[in-house]
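Every number in this text was worked out from the coordinates using simple rules, so none of it is lab data. Since we're looking at a predicted model, the values are computed, not measured. We place every Cβ from the backbone using ideal geometry, glycine too, and count neighbours over all the protein chains shown.
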Amino acid sequence: HLNAITDPALLRAELDDVRTEYNASRLHSGIGYVTPLDEHTGRGEAIRAARRQGLAQAARQRLAYHRDQRKNQPNPEDPDVV
């Protein structure tokens, strides 16, 4: 796509868009799935910590849900269960 652009101003604008996408929108695996902009402005670690906390909370909720489901199941060894 960039090879087809012959106007220098249009090429600069397109490169600016690509650079913005790469640095401010795209998550990078090498830096913990944050954007380079987040990492360079010091927000990377806070984002990763919040993500870890969210995943831990989701795991706790999942375990609690499944424990509750198990408690609500009839006991096949109970003589009153038909």
Taking the chain and dividing mean pair separation by its residue count, relative contact order in percent (alpha carbons under 8 Å, at least six apart): 12
Nearest-ten-degree value, helix 44-71 long axis tilted from longest Cα axis of the chain: 20
Residues ARG70, ARG43, sorted so that the one with the fewest Cβ neighbours within 10 Å comes first: ARG70, ARG43
Ranked list, fewest to most other Cβ atoms within 10 Å of each Cβ, for TYR65, TYR33: TYR65, TYR33
Of SER25, ALA56, ALA13, farthest towards positive along the dipole that unit charges on Lys, Arg, Asp, Glu beta carbons give the range 12-82: ALA56
Ranking of VAL18, VAL34 by count of other Cβ atoms within 10 Å, fewest first: VAL18, VAL34
Angle between the chain longest axis and helix 8-20 axis [Cα atoms, degrees, rounded to 10]: 20
Sites matching trypsin sites (Lys or Arg not before Pro) across the range 1-41 that sit in DSSP coil, with at most 15 neighbouring C-beta atoms within 10 Å: ARG26
Computed magnitude of the charge dipole of the chain (debye, nearest 20; Cβ of K, R +1, Cβ of D, E -1): 360
Correct option for percent of Cα pairs over 21 Å apart [calculated from the coordinates] among (i) 25; (ii) 62; (iii) 33: (ii)
